[in-house]
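A.B. asks: Got a structure for you, written out below as structure tokens; questions coming shortly.
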Amino acid sequence: MKRLIIVLMAIMALGLVVVGCDNDAAATGTDLDVDSDSDVDTDTDVDTDTDVDTDTDIYIADGIAAGGYHTCALLDSGGVKCWGLNEDGQLGNGISGVDEHETTPVDVSGLSSGVQAIAAGNDHTCALLTSGGMKCWGDNWTGQLGDGTTADKTTPVDVSGLSSGVQAIAAGYFHTCALLDSGGVKCWGSNGAGQLGDGTDDSSSTPVDVSGLSSDVQAIAAGDAHTCALLDSGGMMCWGNNSSGQLGDGTTGDSYTPVDVSGLTSGVQAISAGNYHTCAVLTSGDVKCWGWNVYGQLGDGTTVDKTTPVDVSGLSSGVQDIAAGNGHTCALLTSGGMKCWGYNGAGQLGDGTTADKNTPVDVSGLTSGVQAIAAGGDFFGGHTCALLDSGGMMCWGYNGYGQLGDGTTADSTIPVDVSGF
């Protein structure tokens, strides 16, 4: 997988387009033991003792995260389960291998409780603990686990120096970031395009400070090789790779430190970073996107890249959250419904087709009842997931490694239930 990624990165560096999808964001195992013990004593001395023991696991999700080819759920118990590709140990269940994958959810080792948020990168995963500490696992090629090494880990390890004081996390392709209680931001991992924001292009296996952002940040998002921050002022800044204009500053030049997103100095309430595009939800409920647009993932009715934010067609109000994948984007409406747009080669838009869309379309069967969304995928396919008000989960799109969690490896162009939820 890593060799393939290196080749693909080299191809992209030559200016060629690689087709695909990718990256950006709980619950409890309840054992229902029905023990029916009926002692019937009749005059005819017939004693009927019936013991019925039914052990059924029903999980209630409280959060979701979609990686390159894997998906994770935060349970309402504070535990974590993951499924899909496990080549680098990104499922956290103690095993890894080229042929390793799980088509239904498995427990993350050592994290049966005490987790408040999760984030999935391409081949690594991280958890924010209720203590304010952080743990990560999976691919660690460029130090994205933050434990001071570059060795992959099949079970969670502590992020160096972050045993407390973290309030939010974000995972990119090969890098990871944390928003601190102080409002500052730290990042670690790959830094070839300046995505760590420390003014250099040196990768780091331990957290480094993002230049100029020691306070006043309220949310963060990580894409393939760029990172963005939502400020307390409602403004937005981004840094890192800018080959398609994904930093939103009107240029295509990389930046090793944060730069303002053009026109968004206030009024932003939610952000998401895809592989090479970025989106923001405004306090008005309007959505704007910018960057790579070859599949229509900006939703403006074109397939032309944009270096500054543009309006998403038909979404001038009524949106509460956004999720950006590799080549597709989805919006969570205030009605609880969902719309998606962009690349649809594996059905990740959920509209029952595999035709790309450059404006938003409804996700089949999800016109209400959704409380959170996640968009994942890598170069060869994308998938999308929704957390329902009921605590259930549904996923759709590419399923080559079981990342939809329905017990199969068959793609789906409409939402399917994740097993056990």
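A.B. asks: Limited to the range 297-321, what total is found for residues that are open to solvent by 10 Å² or more (accessible area, probe 1.4 Å) and out of contact with any Pro (no Cβ under 9 Å at 6 or more places or on another chain)?
C.D. replies: Selection size over the range 297-321: 17.
A.B. asks: Given (1) closer than 20 Å to Met237 by Cβ; (2) in a loop (DSSP other than H, G, I, E, B); (3) among the polar types (S, T, N, Q), where does Thr278 come up short, assuming only one miss?
C.D. replies: Looking at each condition in turn, Thr278 falls short on (2).
A.B. asks: Can you confirm whether the range 99-110 contains a residue that is among the charged types (D, E, K, R) and either outside any strand (DSSP E or B) or at pLDDT below 95 (or both)?
C.D. replies: yes
A.B. asks: I've got another one for you. Within the range 364-421, take every residue that is open to solvent by 10 Å² or more (accessible area, probe 1.4 Å) and of a type in the set (D, E, K, R) and give me the one that is nearest to Thr354 (Cα to Cα).
C.D. replies: Checking each candidate, the answer is Asp411.
A.B. asks: If you go through the range 290-299, how many residues are under 17 Å from Leu349 (Cα atoms) and either assigned to a strand (DSSP E or B) or over 17 Å from the mean Cα position of the chain (by Cα) (or both)?
C.D. replies: The number of residues fulfilling the criteria is 6.
A.B. asks: Related question: Can you find, within the range 218-261, the residue that is nearest to Gly274 (Cα to Cα) among those that are open to solvent by less than 10 Å² (accessible area, probe 1.4 Å), part of a loop (DSSP other than H, G, I, E, B) and among the aliphatic types (A, V, I, L, M)?
C.D. replies: My answer is Leu247.
A.B. asks: Then there's this: Among the listed residues Thr308, Thr302, identify the single one that is at pLDDT 95 or above, out of contact with any Cys (no Cβ under 7 Å at 6 or more places or on another chain) and within 20 Å of Gln348 (Cα to Cα).
C.D. replies: Thr302
The values are calculated or read from the model by the stated rules, or taken from the named source; none is laboratory data. Keep in mind that what you see is a predicted model, and the values were worked out from it rather than measured. No Cβ is skipped: glycine too gets one built from the backbone with ideal geometry, and neighbour counts run over all protein chains shown. The accessibility values were calculated without ligands, DNA or RNA, using every heavy atom of the protein model including side chains. Shrake-Rupley method; radii C 1.70, N 1.55, O 1.52, S 1.80 Å.
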